[in-house]
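Enquirer: Have a look at this one.
No lab work stands behind these numbers, since they all come straight from the coordinates. Quick caveat: nothing in here was measured; it's all calculated off a predicted structure. When we count neighbours, we look across all protein chains shown, and the Cβ atoms used for this are built from the backbone with ideal geometry, even at glycine.
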Amino acid sequence: MLQIYRELPSMVRRDFDYEVTVHQGEQSGKPAVYNHTMEFVVYGRSVGGDTNRRFAMFAFDGSGVRVDIRVKKNFRRYMVIPSVKNFRSEFCDGVISVYLDRPDYFCVRLDDDDNTIISIFADGIMNPLHIPDPADPNTIVIDGVLSPEDGIYHVEEDNKNIYLTPGSVLNARVLIKGNNCKVWGRGAAVVDPYENIYRLSIISGGTEGSGHKLFTIAGANCQVDGVTLIDARCFNYTITADNVVLKNAKAMSTMMTTDGVSVYSGSGARVEHCFLYVADNAMVFSATNIHYKDITIGNTCTAVFPQVTVKDTLLEDIHIFRSNDGIINNIYNGREPVDRVVRWKIKNMDTVDCTYARYFLQIGNMGVIDDKHVVLENISTGSFSGNGAPHKYFKSPYVLRMVNWDNKLFTENYRVDFHNVYIDGHPVTELEESKCIFEKNPKTKVNITCDGAYTPVKRNEIAVNYVAPNRIFVGQQQVTFEHDPLWQDDVLYISAEEILEAMNKTCDVETTEINGVKYTTLDALVECGAAVKAGKRRDFFEIIPAYNGENLFKEDQGEVSHWGEQVCYMVDLVTERDENGEIYYSCQRIRNRDAGMNRFITEAVKMYGAGSYKVSFSCRAQEKGSLRFGVSYDDWQYATGYCNSFDVSTEWQSVSFDIEVDEDMVRGQSLAFRVISGETLMTRFDAKEFSLTKI
């Protein structure tokens, strides 16, 4: 049986770079592809892979299925991740076919570029006997979209069943306090309401460790099955009670401070068969007797983060395809001077698919008590220099580092057992001095054994060198469509509504209706004034958009804003209204002089090319002082014109800055600008009337 879930409502954004079709015997269906995320500049970390979280989801049981993923862009090679699961795949004429004999989660990555990833969530079909009876007084059925006024959904009573029907959205942060509660939500989603900065203030919701998390389980003996969390601005799943089971769960987020699954207290938590693609640490735990099993991870900080006291915890079958900082960070990131007990084990971990990895295990600030035992068994990892995609910022990769800072708790008395650990397919029998760093010589014992009973995992990458047909570029940016371009009478037709939306134009263009869709032509785009030139160039079609001095910033539409927080855990970006009722942006509670607001301009410069651009806006501050305007290219560390400082007062004033964009910047992954505090910390500033024009 094959179940294609009802589509999520339009508030969840679609993506058309891929088209997914699922086949089971004579039955076929097309699940929607979603990509509902904030374009977020991750302060201090590489940009690559932090702007997209594409996914499609369906369910099946019985015989196996074939998942066809049609790619609309050129690529040379692909991977089906995790490699350790050996998913069978084939490629033919732009379609990557992946075969599943049982429900599972996987992702496809093109050319080792995380920005291309599409994740596929194939659930098992729920047993009808397990679906709560709507007539049961203890059952709450959520069907459609539920948006509590304050953004918080409370479950206070014991023994409650909460059932999200497929295709439903709970637009709220969830707090479960009742014991013995169950939440089902396959094919449904929980969307963070605080992503909508025009509706709710993040000051009331809280980010990172403060305020409400997106999904908190604070009741004992609770179970959560299948829920997908989307676009969090805070921690995703948080567990603070005994005997909680979280399974078949997914979390997709791009904003820093969005840890995947955090088990902060209690005992007996079970986290099983989950997919976490988040923009902070993936699994954070400070509790007892936790069991993580079959977790697929992509993240921007550290994949595994045991902190404070961790006892008798097992992580089993952990698959990591991205982890910017490193794989395991056993560091307490606070200042409380208390010795920690550390007893945890990882068995069967593979990081060979990882595009970024600076280290394998780092330990620090954990005290000197003699109760620290870490076991690492059956590990397949790379060389911590990029695993096939070397990364320019990681200068000193290492396998194990014991770090002792002057202002933190001294750390020693660890016992670390490496058993059947392989780096780049080679068994570790001893650690080179350069790869094993013990700062200030703490008392630590490292045991390394290898019995040959474990077969290391190999990266599974397949070369295809595919060139997609009928590619449409607006400037230097490829545009993909829900309704693909098609040929009729030797003329290429393009969806009129979609191409004009992509070009941010409102021209009255000539159209032809084909199969119920209004199409237009390249010539018609020129004739109506939307383009100055359009035609074939090499193996694609190029449209050069007309420019008449208009504002190149697209207005926010729907839930996700184009505006982001720079150093998001150091500032709160909210919206307010002036005396005329007009919206302005306010950076409040600024706690770092590099904090403020940012916005990508990648799309505009790729459409209109290299040259001079001008960013203009009005601003004011809580007190007289200075702000800074800067531009970042691909990574915050490589900014041009970063230190443009300007004076600001308590009255609104207009400012503008010129940006010189060269061809390298146009071809890059991202270009963003920021407005941040000055050299002297400004705790609040406001801005409005932003415009981007090409000079």
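Enquirer: Quick check on packing: order 539-552, 343-356, 326-339, 173-186 by the mean number of other C-beta atoms within 10 Å, highest mean leading.
Expert: 343-356, 173-186, 326-339, 539-552
Enquirer: What FRET efficiency comes out for the pair GLU679/LYS518, r = Cβ-Cβ distance, R0 = 60 Å, nearest 0.05?
Expert: Computed FRET efficiency for GLU679 and LYS518: 0.65.
Enquirer: Now for a separate question. For labels at TRP652 and ASP133 in the simple 7 Å Cα→Cβ model, what's the distance in nm?
Expert: 6.1
Enquirer: Among ALA188, MET597, PHE16, whose Cα sits farthest toward the positive end of the charge dipole of the chain (+1 at Cβ of Lys/Arg, -1 at Cβ of Asp/Glu, about the Cα centre)?
Expert: MET597
Enquirer: Could you check what % of the DSSP bridge pairs in the chain are antiparallel, to the nearest 5? Present the calculation step by step, with values, prior to reporting the outcome.
Expert: Details: 107 of 225 bridges.
That works out to approximately 50 percent antiparallel.
Enquirer: Separate question: Using Cα-Cα distances under 8 Å and only pairs 6 or more residues apart, what relative contact order does the chain have, in percent?
Expert: 9
Enquirer: Ok, one more. How high is the relative contact order of the range 403-517? Use alpha-carbon pairs under 8 Å, at least six apart in sequence, and give a whole percent.
Expert: 19
Enquirer: Report, in whole Å, the centroid distance computed from the Cα atoms of the range 143-218 and the range 425-451.
Expert: Here the two parts' Cα centres lie 44 Å apart.
Enquirer: Then there is this: Which aspartates and glutamates, if any, have their Cα less than 13 Å from the Cα of LYS311, not counting same-chain residues under 8 positions apart?
Expert: Qualifying aspartates and glutamates at Cα under 13 Å: ASP371.
Enquirer: Okay, moving on. What's the local net charge at SER147, with K and R +1, D and E -1, over the other residues with C-beta under 11 Å away?
Expert: -2
Enquirer: From the residues ALA249, THR296, ILE162, which one has its Cα farthest along the dipole of the range 138-461 in the positive direction, the dipole being from +1 and -1 charges on Cβ of Lys/Arg and Asp/Glu about the Cα centre?
Expert: Towards the positive end, the residue furthest out is THR296.
Enquirer: What's the magnitude of the charge dipole for the chain around its Cα centre, counting Lys and Arg as +1 and Asp and Glu as -1 at the beta-carbon? Answer in Debye, nearest 20. Display every interim value, and only then the final one.
Expert: Values: 72 positive and 96 negative charges, 336 e Å.
It works out to roughly 1620 debye.
Enquirer: What spacing in nm lies between the two simple spin-label points modelled at VAL375 and ASP539, each 7 Å away from Cα in the Cβ direction?
Expert: If labels sit at VAL375 and ASP539, their model points lie 5.2 nm apart.
Enquirer: So if R0 is 22 Å, what FRET efficiency would ARG70 and MET11 give, r being the distance between their Cβ atoms, rounded to the nearest 0.05?
Expert: E between ARG70 and MET11, to the nearest 0.05, is 0.30.
Enquirer: Determine the gain in length on full extension of the stretch HIS426-VAL491; use 0.36 nm per residue of separation and subtract their C-alpha separation, reporting nm with one decimal.
Expert: Values: separation 65, 0.36 × 65 = 23.40 nm, distance 5.61 nm.
Separation in residues times 0.36 nm, less the Cα-Cα distance, equals 17.8 nm.
Enquirer: For the pair HIS291/HIS154, report the inter-label distance in nm, with labels modelled 7 Å from Cα in the Cβ direction.
Expert: 3.5
Enquirer: Might you report the magnitude of the Cβ-based charge dipole of the range 2-124 about its Cα centre, with Lys and Arg at +1 and Asp and Glu at -1, to the nearest 20 debye?
Expert: It comes to approximately 120 debye.
Enquirer: What dipole magnitude, in Debye to the nearest 20, does the range 469-545 give about its Cα centre under +1 on Lys/Arg Cβ and -1 on Asp/Glu Cβ? Could you put the intermediate results ahead of the total?
Expert: Values: 7 positive and 14 negative charges, 84 e Å.
About 400 debye.
Enquirer: Can I ask one more? Contact order normalised by length for the range 62-184, with contacts defined as Cα pairs under 8 Å and 6 or more residues apart; what percent is it?
Expert: 18
Enquirer: While we're looking at this one, here's another question. Place +1 on the Cβ of every Lys and Arg and -1 on the Cβ of every Asp and Glu in the chain, take the dipole about the Cα centre, and give the residue among VAL532, ILE120, ALA687 whose Cα lies farthest towards its positive end.
Expert: Of VAL532, ILE120, ALA687, it is ILE120.
Enquirer: Another question about this same structure. For ASP61 and THR506 in the same chain, what is the full-extension length gain: residue separation times 0.36 nm, less their Cα-Cα distance, in nm?
Expert: Working it through step by step, the gained length comes to 155.5 nm.
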